[in-house]
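Working notes for the structure below.
The values are calculated or read from the model by the stated rules, or taken from the named source; none is laboratory data. All values reported here derive from a predicted model rather than from experimental measurement. Ideal geometry is used to build each Cβ from the backbone, glycine not excepted, and the neighbour counts take in all protein chains shown. Keep in mind that these areas ignore ligands, DNA and RNA; they rest on the heavy atoms of the full protein, side chains included. Shrake-Rupley method; radii C 1.70, N 1.55, O 1.52, S 1.80 Å.
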Amino acid sequence: MKILILFAHPAFERSRVHARLIKAVRTLPGITLRDLYEEYPDFDVQPKLEQPLLEQFDLVILQHPFYWYSGPALLKQWMDLVLEHGWAYGKDGTALKGKYLMQVISTGGNAHAYSPEGHHGHAVYDFLLPFRQTAALCHMEYLPPYVVPGSAHINDAELGRYADGYVQLLQSLSAGTADLKALMRGAETNAPGGMPGQLPAHFS
């Protein structure tokens, strides 16, 4: 797979979690990283630049902090402008057909907070329905998110394991060794309850 990471963080200079994740994967072969806040500081997203780029990749990863159960404002702006009717969906809108969409997300709350018994009452996957439906509307396959919980309190060792897991994930996807069908049956790529950053067995 050719993989494009669309990274959206309005305060990257203050981000400990995403700084570590980006550093870990920035130079991986077969991975292209695009920082949307760096590209569009004025929010003037250019669909005619973004659309041909998307067509070159098999997997698009939206990497961002989890803001109010969604993504940062620029990511929403990007989706509003780039995923046009007649190109991404609707009659003759099949430019993204057969591609994959995935998210890499950090949350302030810990894993238990995003559970039926926790503070938010739902898993992260449940809150991602708009993104999942966007993938379906655009004829894409949605892969479960890679979630880094508890960003406010995560220690360096745990963060390192999540970064290592992210590297393993991208390497498996890029090499075609990941069992995508098995992956799509889960709610998160890195199942909660295991070691931080631990990937299921279908990543070999």
Next on the checklist: Let me confirm the definition first: pairs of Lys residues in the chain, 8 or more apart or on different chains, C-alpha distance under 27 Å. How many are there?
Outcome noted: 19
Next on the checklist: From the helices alone, meaning DSSP H stretches of at least four residues, give me the mean residue ellipticity at 222 nm for the chain, per-run term -39500 (n - 2.57), in deg cm²/dmol to the nearest 500.
Outcome noted: -9500 deg cm²/dmol
Checklist entry - So, with +1 on the Cβ of K and R and -1 on the Cβ of D and E, and no other charges, what is the size of the charge dipole of the chain about its Cα centre, to the nearest 20 debye? => result 320 debye
Checklist outcome for this item: So the FRET efficiency between ALA73 and GLN133, C-beta based with R0 = 22 Å and rounded to 0.05, is 0.65
Next on the checklist: Less than 13 Å Cβ to Cβ from TYR125, Lys/Arg counted +1 and Asp/Glu -1: what total charge do the surrounding residues give?
Outcome noted: 0
Checklist entry - What whole number of Å gives the distance from the Cα centroid of the stretch 59-91 to the Cα centroid of the stretch 126-195? => result 17 Å
Checklist entry - What residue among ASP80, ASP35, ASP92 shows peak mean-square fluctuation when the chain is described by a Gaussian network model with Cα springs under 10 Å? => result ASP92
Item to check | the stretch 25-157: translational diffusion in µm²/s, Stokes-Einstein, Kirkwood Rh over Cα pairs, 4 °C, 1.567 mPa s | outcome: 81 µm²/s
Checklist entry - How many percent of DSSP beta bridges within the chain run antiparallel, rounded to 5? => result 10 percent
Item to check | Per residue solvent-accessible surface (Å²) - the chain, probe of 1.4 Å | outcome: 48 Å²
Item to check | Crossing angle, helix 156-175 versus the chain [Cα axis fit, 0-90 degrees, rounded to tens] | outcome: 40 degrees
